[in-house]
Amino acid sequence: MSPGHRSSHEELTKIRRAIAEFADAASDAVDEQRLFHSICDISVRAGLFQLAWFGYADESARKIVEPIAYAGDQELLQHLKIVLGQTDYEDPSSVVIRTGEVCWIKDLRDHPTLAPIRSAALHRGYTSVLSIPMMWDGWPRGALTLYYGDPDRFGEAAVRILKEQLGIQQAVFRRTRPPRPRSEEHESELRKLLDVLPQHVVLIAANTRVVYVNRAQLEYHGYALEDVLSRTAVPKIVHPDDLERVILECAIGYSKGVAFEYEIRLRRKDGQYRWFLFHATPLRDEQGDIIRWCSTGTDIEDRKQAEERIRKENPALREETDRASIFQEIVGNVDLESSQPFATTGRKAQTALALQVVSSHLLGVLDIESALSIPAFADRLLPHAASEADALKHPNFPRLFLLDGCSLPFPLGPLSGRLRANSPGSKFLALLDPDRSGEAEMIGLFHWGIDGMLVLDKKWKTELAQAAFALLGNRLWVPAEILLAFVKQVKILLETQLLPQESLTARESQALQLLFRRLTNKEIAYELKISERTAKFHVSNVLNKLGFENRRDLLHNTLG
């Protein structure tokens, strides 16, 4: 790694730490002037800038004529106070007020028009100046201006990160209301629920500070929660080539206030980096303000490797060869008559299940099987079942069932329950009509134990194999918003039903989620890899702590 690259990484680390302090300042400030005073102080104290100052625009002059918050070099500041009042001087902050855009002068030596301040700044070793607009109702009413001494210190992404993050903290401060009290017990229960999800889950406050990371992610990279919350572990977890890009993408995403996604390489505790796809979703209060972000991550390393092979291989040969090699790499050679889980080196356990399409429409079957017609799937793709009776012909033979929601004349949820009871250990991928794939329908299917959902839209054929791989890898293929809604429903149940002085253990939380998805004791035992007797014990404890006599009462009370 070159010294130049190392220096850039060091500056990025300083920016990350400063952003974390900006978030605290936005939460603690009692007025806007003190907020910007804190931001100026943090910017200088972090070693990013030698002088930082903020001022409001004078509406008649359409420029800033006086700093109201500042930190750093006082001598240069005195020069600035003098020249800002001169009518013929246009400071970078004045350009910001006039245009509403960032004004970034990398080298003052190339800008003789800034003569009144240029010589004083250069004399003190400051070569560069950056002025960032602070927006109110879509127009700039103020600017934060920053001086530093190395034209090559910051890249475009670093400047954009600062701009977006400053806007976020200003917005958080301006809408801050006294927080509603949270029950520590209910907060603990929510975190237990997040801890048993297989996806990586990160909870982020409105000011973009990480407040919780679930067990799946902590076990993946091996760092303690405290190290992640303090951000000291982040540079050690995130691939150095991704760090700046992801910080920028997140800053832009948070500033827009709508759901977004990003791809990132995370370092596993054995030193291997793997690609993840994260979906960040805002959670809002009754007034519509964002109170948190929930970011859920899924391992997409296998997909990335496949894409890289496609890029490198001869396009004329890639269609057949890449898919076969991908599948063999993921699952190896397996006995299709066996339903026992098996492991492949360096990957999560994969399940050696056969695949069966359940559809009453022959053309639909042909379409689905065509999308799965890759050499590795060919040997494990069973003849399709045209009816429920066909699918039930082979009891105790777990399969990955692909349920065609466009053709089957009965609800997919109850059907999956009957098929699972007939062959415990089966997985279910629901193929949904676009007109019947709303949030309510998907949540209902998830409650019936459906492991994956794929809408039959324009891209379903390219995603079908990926969804099947995910389910075979004991992962879910479910939209992030559905998982969030599910967790919220379980949390409401705990808040309203959990008896005083009671709490659920981690294993009981797992059992509750599977109960919520209508799994029997035998199926819960299979999923948790425990005996049926132990599963029955945990289920009994959960029902007792929630005040229900049986699981029927639980489901009726919560799901209707």
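Structure notes:
- The H on the amide N of ARG399, modeled in the peptide plane, is under 5 Å from the matching H of SER426, LYS427, each at least 5 residues off or on a different chain.
- The range 87-143 versus the range 505-560: alpha-carbon centroid distance in Å: 63
- Packing rank of 533-546, 198-211, 259-272, where each peptide gets the mean count of other beta carbons within 10 Å, highest leading: 198-211, 533-546, 259-272
- Sum of side-chain charges, PRO116 neighbourhood, beta-carbon under 12 Å (Lys, Arg +1; Asp, Glu -1): -1
- Two-decimal Rg/Rh across the range 184-299, once Rg and the Kirkwood Rh are taken from alpha-carbon atoms: 0.95
- A full extension of the chain between THR496 and ILE291 corresponds to an added length of 71.6 nm, given 0.36 nm per residue minus the alpha carbon distance.
- When only the Cβ of Lys, Arg, Asp and Glu is charged (+1, +1, -1, -1), the dipole of the range 18-90 relative to its Cα centre reaches about 100 debye.
- Taken over the C-alpha atoms, the chain has Rg and Dmax values of 28.4, 90 angstrom.
- Whole-Å semi-axes of the ellipsoid equivalent to the range 437-505 (Cα gyration tensor, √5λ, descending): 31, 14, 8
- Antiparallel DSSP beta bridges within the chain, as percent of all bridges there, nearest 5: 75
- Rough spin-label spacing in nm, given labels placed 7 Å along Cα→Cβ, for ASP150 and ASP110: 1.9
- Each of LEU277, LEU76 was scored by other Cβ atoms within 10 Å of its Cβ. Arranged with the fewest first, they read LEU277, LEU76.
- Pairs beyond 28 Å (Cα-Cα), from LYS488/LYS529; LYS522/LYS545; LYS192/LYS236; LYS458/LYS491; LYS14/LYS192: LYS458/LYS491; LYS14/LYS192
- Estimated dipole of the chain in Debye, rounded to 20 [Cβ of Lys and Arg +1, of Asp and Glu -1, Cα centre]: 880
- Calculated FRET value between LYS529 and ASP24, using beta carbons and R₀ = 41 Å, to 0.05: 0.45
- A crude spin-label estimate for the pair TYR89 and TRP136, with each label 7 Å from Cα along the Cβ direction, gives 2.5 nm.
- Hits among lysines - C-alpha to C-alpha of LYS461 under 27 Å, sequence gap 8 or more where chains match: LYS304, LYS312, LYS348, LYS427
- Once you reduce the range 187-236 and the range 14-46 to the center of their Cα atoms, the two points are 24 Å from each other.
- Taking other C-beta atoms within 10 Å as the exposure proxy, LEU283, LEU445 rank LEU283, LEU445 from fewest upward.
- Computed magnitude of the charge dipole of the range 214-297 (debye, nearest 20; Cβ of K, R +1, Cβ of D, E -1): 260
- With Cα atoms defining each centre, the range 352-379 and the range 418-493 are spaced 18 Å apart in the structure.
Throughout, read-outs are computed from the coordinates displayed, never taken from laboratory work. Note that the structure is predicted; figures quoted are calculated from it, not measured. Glycine gets a Cβ as well: all are built from the backbone with ideal geometry, and neighbour counts include every protein chain shown.
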